[in-house]
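Some notes on the structure that comes next.
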Amino acid sequence: MLVTMSAMLLTAAPVHVTAAPIALPGVGASVALPGAVVSPFAGDFQPVAAMAVSPLALTASLPAIEIFAQGLPTQDIPPVGPAPLGTPPVQRTPNDIIVTGRKETAGDPLRAVNAESFAVTQKVDDAVIGPVARTYKKTVPSPIRRGIHNFLYNLREPIVFLNFLLQFKPGKAAETVGRFAINTTIGVAGVLDVAKKKPFHLPRRSNGFANTLGYYGVKNGPFLFLPLVGPTTIRDLLGGAIDRLILPVAVGKPFTSTAYAIPAGILGALDHRSEFDQTLKDLHDNSPDPYAATRSFYLNRRQAEIDHLHGRVEGDPAGMSGPPPSVVPFVPSDLEPGAKPVSEVPEKAPVVETPAIDAKPAAETGQ
């Protein structure tokens, strides 16, 4: 049969259409239906052909089946895609689930990485750095701590002087030279801050290459929270690196020796951490979102310091080098996952923005 079929397909043999008789059940004679095609292989299937049944008769012989609609939606299924113009808004019920994306805070594209670094840094601070700094503050007498603080910041005066020159502020540059000369000599290498008292009245000012960049309009760039470094920005990280290179490059020893660099670094970290202990406690313990509070506090103070150079605001000329007398934690509008909503903020943490900069003069804070 397969050979015959293949031969027909290859030779394109014509197939004649005639009326073929089909036996119907219950009908004694065969009925010829017009349009029926006689198969060339009908002779090979005589027993089957004899058992042919009409589709109508086969359908009639099947039992009746009733179909009931079960589990079908009881409401219209909305079409896919945007609604046509003029379509009224969809009325939502309280049980509807709406999925939305959380916007990243402006200027913080690395927020996820920063928040993770902040969390890890906080664990290290809570376990090691914080307790050591508080022990340093409790055990070391205040005059000694203040002397170390004054000595370390007196070493920064040449950097402050250079940046005032870069900002074309010769008056403040001259005052900085006077401060450095007075404290280095009368103040015993800067241990005593004699220059800020009578009859000199030369307050300590904060300045650096990051400030100079900001003064000339260089933007912050992305915010960063780095281990050991803490909150910073691309601009401040670059400016701080230049600040730290000035004395080793310009002076050399002892600033290039590890015998000076390691103790000075440790004492500087302890001094800074102990000075800002209460500020960090306010930012971290009394805020629903410690990361956002720290970020806002840092950026506000840095911008206020640069605005102070432009004469736009009045404030502490010491800037970031001294802690503010108090901090009101900042409650951001977009909390981190897991943070308490604004309604659950403790009463001692009002929902207001962090002050941009301390308004007390450095002489009143004892710095």
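The values are calculated or read from the model by the stated rules, or taken from the named source; none is laboratory data. On a predicted model such as this, the values are computed, not experimentally measured, just so you know. Every residue, glycine as well, gets a Cβ built from its backbone with ideal geometry; the counts of neighbours run over all protein chains shown. All accessible areas refer to the heavy atoms of the entire protein, side chains included, with ligands and DNA or RNA removed. Shrake-Rupley method; radii C 1.70, N 1.55, O 1.52, S 1.80 Å.
When each of G311, G252 is tested for being open to solvent by less than 30 Å² (accessible area, probe 1.4 Å) and either assigned to a loop (DSSP other than H, G, I, E, B) or closer than 16 Å to L152 by Cα (or both), the lone residue that passes is G252. Of all residues in the stretch 188-228, those that are more than 26 Å from Q303 (Cβ to Cβ) and surrounded by fewer than 21 Cβ atoms within 10 Å (Cβ to Cβ) total 10. Out of I306, I242, I262, I266, which single residue is within 22 Å of R179 (Cα to Cα) and in a helix (DSSP H, G or I)? When all the criteria are applied, what remains is I306. Within the stretch 278-303, the set of residues being within 16 Å of T121 (Cα to Cα), out of contact with any Pro (no Cβ under 7 Å at 6 or more places or on another chain) and open to solvent by less than 20 Å² (accessible area, probe 1.4 Å) comprises just one member, Y291.
Quick check on A195: is it more than 38 Å from the chain's Cα centre (by Cα) and in a helix (DSSP H, G or I)? When the stated conditions are applied, A195 does not pass them.
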